[in-house]
Amino acid sequence: MKVLITGVAGFIGSHLADTLLGMGHTIYGIDDFDPFYPKEIKLKNIAGAAAHPNFHFFEFDITEKNNWDILGKEKFDLIYHLAAKAGVRPSIEQPLSYLYTNVEGTLNLLEYMRSTGDTKLVFASSSSIYGNCKTIPFSESALTDEPISPYAFSKKSCELLNYNYHHLYNIDIINLRFFTVYGPRQRPDLAIHKFMNRISAGQPIEIYGDGTTARDYTYIEDIVSGVIKAGDYLAGHKNVFEIVNLGNNAPVMLMDMVDTFKKVLNTDFATVRKPMQDGDVDITYADISKAHRLFGYQPQTSFEDGLARFVAWHQAEHAGTAAI
């Protein structure tokens, strides 16, 4: 298949590209190297893919409609739209930037698809849409009318926009709500990566709240497997519009994560308590029965095993570095 991946140099996008290239697909990748974190990290993410003859990279900002002309009128069998400004806390500081990039960028992609006749889209949504949902675990049928960050609002807006284009232009779409993805290449601003950086530097880790908040940490290989399965399902079906959770169905409390770090590293370290931050939710917990029913999604990686793999990757990346 000929596949387009937006946000290809990011954490999930780069893993997805590597896996699809290994399966024999031709990948067209888009990224603008948003300065949210260093370009050098993203270039390293796609170094393997860039050396592959079936990988074609385009650097441009998806919010500028004319930039899409760079692709010509290429038609794709499948499009994975992962490009977005990510992160709950920074979205509170920069709401306009998040809404513009995430919504306008998605609109431009949908317009590109309408112009080329492409009809298959897998969209990267987020568990943040659920906010402080009281129904546990979070089901796709839950009401999601109370987002508590601009980032969550932007992703909800994109899901609604996607439905509009599905209804008007017969574009088949699966919106995947990701639950706290972690593993090698994880963004440096996310908790597990930040914790590991501070531990490696001999600094205390920061605990926000009383340590009882919980996240449904989902290992990158399980997420990529689910994303590909969703694409396969989409390729084989018509008139599709679905919202589907991709999580691990096993929340981990913050203090349990700290204890798992200590076990994996076989060491102790200091912690510092901080107040809860705006936009943080109490728990994320994915009901993944729909993903299993539709396309056989079943995560395989326990949190301890996944964390051990992340730690090994991090240590290899920073071997010989005195401080991170």
Problem set entry | At q = 0.09, 0.21 Å⁻¹, base-10 log of I(q)/I(0) for segment 211-324 (Debye sum, equal scatterers on each alpha carbon) | -0.35, -1.19
Exercise. What percent does the relative contact order of segment 115-212 come to when contacts are Cα pairs within less than 8 Å and at least six residues apart?
Worked result: 32 percent
Exercise. Residues in segment 255-296 near a label at residue 238, defined as backbone nitrogen under 19 Å from the 7 Å Cα→Cβ point?
Worked result: none
Problem set entry | Under-22-angstrom lysine pairs by C-alpha in segment 23-139, whenever the two are 8 or more apart or on separate chains | 9
Seminar exercise, completed: Interchain or sequence-distant (5+) residues whose placed amide H lies within less than 5 Å of the amide H of residue 178 are 125, 126, 127, 246
Problem set entry | Whole-number D in µm²/s for the chain (Stokes-Einstein; Kirkwood sum over Cα pairs; 37 °C, 0.692 mPa s) | 163 µm²/s
Exercise. If eta is 1.306 mPa s and T is 10 °C, what Stokes-Einstein diffusion coefficient results for segment 129-261, Kirkwood Rh from Cα pairs, in µm²/s?
Worked result: 94 µm²/s
Seminar exercise, completed: Check: C-alpha center segment 293-319 vs C-alpha center segment 116-160, spacing in Å is 24 Å
Exercise. Taking 0.36 nm per intervening residue step and subtracting the Cα-Cα distance, what contour gain separates residue 89 from residue 315 on full extension?
Worked result: 78.6 nm
Exercise. How long is the gain from residue 194 to residue 280 if the chain were fully straight, where each residue apart is worth 0.36 nm and the alpha carbon distance is subtracted?
Worked result: 29.3 nm
For this session: Take 123, 310 and order them by how many other Cβ atoms sit within 10 Å, fewest up front.
Result: 310, 123
Seminar exercise, completed: Taking the chain and counting helices only, DSSP H stretches of n ≥ 4 at -39,500 (n - 2.57) each over all residues, the nearest-500 ellipticity at 222 nm comes to -11500 deg cm²/dmol
Problem set entry | Highest to lowest packing among 289-301, 9-21, scored as the average C-beta count within 10 Å | 9-21, 289-301
Exercise. Once phi is turned into θ = phi - 60°, what whole-Hz ³J(HN,Hα) does the Karplus curve with 6.51, -1.76 and 1.60 give for every residue of segment 77-87, x standing for Gly and Pro?
Worked result: 5, 7, 10, 10, 9, 10, 5, 5, 7, 10, x
Problem set entry | Net length gained if the chain between residue 97 and residue 43 were fully extended (0.36 nm per residue, minus Cα distance) | 17.1 nm
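Laboratory data are not the source of any read-out in this text; all were calculated from the coordinates shown. The model shown is predicted, which means the values in this text are computed figures rather than measured ones. Here Cβ is always computed from backbone atoms with ideal geometry, including for glycine, and neighbour counts include all displayed protein chains.
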